[in-house]
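Trainee: Can you read through this structure? Questions will come right after.
The values are calculated or read from the model by the stated rules, or taken from the named source; none is laboratory data. Everything numeric in this text was worked out from a predicted model, so none of it was measured. With ideal geometry, Cβ positions are generated from the backbone for all residues, glycine too; neighbour counts draw on all protein chains shown. Keep in mind that these areas ignore ligands, DNA and RNA; they rest on the heavy atoms of the full protein, side chains included. Shrake-Rupley method; radii C 1.70, N 1.55, O 1.52, S 1.80 Å.
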Amino acid sequence: MVKARKHAVLDPADCVACGSCVDVCPREAIHIHQGSFARIDVSRCVGCGRCVRECPASIIRLEVQA
Amino acid sequence: MKRHWYHYLWIWSVLYFSLGFFNIAFAWLGLISFFLPLIFAIGFGNKAFCNRYCDRGQLLRMLGSQLGFSRRRDMPSWLKSRYFRYGFLVFFLTMFGQIIYTTYLVFAGASSLQEVVTLFWTIRVPWQWAYSAELTPGAAQFAFGLYSLMLTSALIGIITMLLFRPRSWCVYCPMGTMTQLICKAKGDGTIPAEESVSNGKE
């Protein structure tokens, strides 16, 4: 049986690249791509949701990945 | 969480407002916060200033996130909307233009130096102790105007940090909006197709 797990996703079009998510990510799974928008490395993300609570633009959400 | 040297740049914000409180000449240093993001955006096409080197961003992160002063509520959608962000940018630039015009009037001798700091563009706070004769009246007028703008925007940032998320200011920061537009223009204004949906894959 495959266990479903959560991971963070975001819409880069509305990202203001403030870096809040980068600062709070305990797994260093987020970086600012080309200095212009946040990018999430799903393989590192553990779905803790800290970035979701920190993002001022509320563009990060948790999704279930099979 | 790994701490980097730029996480301590909030010290610059505290230093800037403290120095300007005693000597308004230091307010001129506020121009650094105007030009550096533009240099990053125009020169390198990125917002590295916003996400790393912005002293105000680091101050809001430190107060709201590290010290826990933020309520961490969602910002109202109108405050995040593009209409508000672009509108606030236009308003901010207009106010900056007004500072330059007032400075010109003092330089030209058509107006006298106003030794006041204007908060929220309306409340005039006497600030005469911070002025000494080493600055010409015109240069001092610009310093008072810039200090007013910096202090007002910092207070607005702190209010939205307390009410909403720590770096709520970054969503509608006029410099951030301006550099975002520059970065988009430099990068064709588009996000690569593979990034446009959820950017879940590295």
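Trainee: In the range A:49-62, how many residues are more than 10 Å from chain B (Cβ to nearest Cβ) and either surrounded by 18 or more Cβ atoms within 10 Å (Cβ to Cβ) or in contact with a Leu (Cβ under 9 Å, 6 or more places away or on another chain) (or both)?
Mentor: Within the range A:49-62, residues that are more than 10 Å from chain B (Cβ to nearest Cβ) and either surrounded by 18 or more Cβ atoms within 10 Å (Cβ to Cβ) or in contact with a Leu (Cβ under 9 Å, 6 or more places away or on another chain) (or both) number 4.
Trainee: Hey, another quick one. I need the full set of residues from the range B:172-194 which are at pLDDT 90 or above and either part of a loop (DSSP other than H, G, I, E, B) or more than 24 Å from the chain's Cα centre (by Cα) (or both), in order please.
Mentor: The one that is at pLDDT 90 or above and either part of a loop (DSSP other than H, G, I, E, B) or more than 24 Å from the chain's Cα centre (by Cα) (or both): B:173.
Trainee: With the condition kept exactly as written, say whether any residue in the range B:146-155 is touching a Lys or Arg at 6+ places or on another chain (Cβ under 8 Å), open to solvent by 40 Å² or more (accessible area, probe 1.4 Å) and in contact (Cβ under 8 Å) with a residue 60 or more places away in the chain.
Mentor: Within the range B:146-155, not a single residue is touching a Lys or Arg at 6+ places or on another chain (Cβ under 8 Å), open to solvent by 40 Å² or more (accessible area, probe 1.4 Å) and in contact (Cβ under 8 Å) with a residue 60 or more places away in the chain.
Trainee: Further, regarding this structure: Mind listing just one residue for me: the one in the range A:28-37 that is in a strand (DSSP E or B) and more than 8 Å from chain B (Cβ to nearest Cβ) and, of those, surrounded by the fewest Cβ atoms within 10 Å (Cβ to Cβ)?
Mentor: A:31
Trainee: Mind listing whichever residues of the range A:2-27 are among the small types (Gly, Ala, Ser) and either surrounded by 20 or more Cβ atoms within 10 Å (Cβ to Cβ) or part of a helix (DSSP H, G or I) (or both)?
Mentor: Those that are among the small types (Gly, Ala, Ser) and either surrounded by 20 or more Cβ atoms within 10 Å (Cβ to Cβ) or part of a helix (DSSP H, G or I) (or both): A:8, A:13, A:17, A:19, A:20.
Trainee: Here's something else I'd like to know. If a residue has to be charged (D, E, K, R) and either without any contact (Cβ under 8 Å) to a residue 60 or more places away in the chain or more than 10 Å from chain A (Cβ to nearest Cβ) (or both) to count, how many in the range B:34-72 make the cut? It would help to see each step written out before you state the result.
Mentor: Here is the first cut: in the range B:34-72, the residues charged (D, E, K, R) are B:47, B:52, B:55-56, B:61, B:71-72.
Next cut, either without any contact (Cβ under 8 Å) to a residue 60 or more places away in the chain or more than 10 Å from chain A (Cβ to nearest Cβ) (or both) only: B:52, B:55-56, B:71.
Qualifying residue count, the range B:34-72: 4.
Trainee: With respect to residue B:46, is the statement that it is part of a helix (DSSP H, G or I), over 14 Å from residue B:168 (Cβ atoms) and either open to solvent by less than 60 Å² (accessible area, probe 1.4 Å) or in contact with an Asp or Glu (Cβ under 9 Å, 6 or more places away or on another chain) (or both) true? Full working, then the answer.
Mentor: On the way: part of a helix (DSSP H, G or I): no; over 14 Å from residue B:168 (Cβ atoms): yes; either open to solvent by less than 60 Å² (accessible area, probe 1.4 Å) or in contact with an Asp or Glu (Cβ under 9 Å, 6 or more places away or on another chain) (or both): yes.
It is false that residue B:46 is part of a helix (DSSP H, G or I), over 14 Å from residue B:168 (Cβ atoms) and either open to solvent by less than 60 Å² (accessible area, probe 1.4 Å) or in contact with an Asp or Glu (Cβ under 9 Å, 6 or more places away or on another chain) (or both).
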